[in-house]
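One structure is given below, encoded as C-alpha cells.
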Amino acid sequence: MAKKGAREIVGMICKDCKSQNYVTERNKVNMDVKGRGKLELKKYCQTCKKQTLHKETSKLK
Ligand SMILES: [Zn+2]
C-alpha cells in the first residue's frame, strides 16, 4: 500500500449538515489537468438520514 504518486486522500462532506461521511482517494494529476472545481457526489448521509450532495474537502477530520 506504500504507493508513491500524486494521490491524495480527500474527505466528502454533506452539504446539508457539513458532516464528513466519506473519505476517498483522488488523483492529483488528473485534477490539475482538468482544472475543474471540487467533486460533488450524491451519497447517503447518516446524520440527515437521506441521500444528500457531498462535497470534496481537503480538510480531514
Ligand atoms: Zn448530512
remark   = Per the 1/(1 + (r/R0)^6) rule, R0 = 22 Å and r from the Cβ atoms of Arg7 and Tyr44, FRET efficiency to 0.05 is 0.35
ask   = Using modelled backbone amide H atoms (1.01 Å from N, in-plane), which distant-in-sequence or interchain residues come within less than 5 Å of Ser19's amide H?
value = Cys14
inquiry  = If packing is taken as the average number of other Cβ atoms within 10 Å across a peptide's residues, how do 8-16, 48-56 rank, most packed first?
reply    = 8-16, 48-56
query = Which length gain, in nm to one decimal place, applies between Leu53 and Tyr22 when the Cα-Cα distance is subtracted from 0.36 nm times their residue separation?
reply = 10.0 nm
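We did not get these values from a lab; they are worked out from the coordinates using the rules stated. The structure displayed is predicted, hence computed values, not measured ones. In this analysis, Cβ positions are derived from the backbone assuming ideal geometry, glycine residues included, and neighbour counts consider all displayed protein chains.
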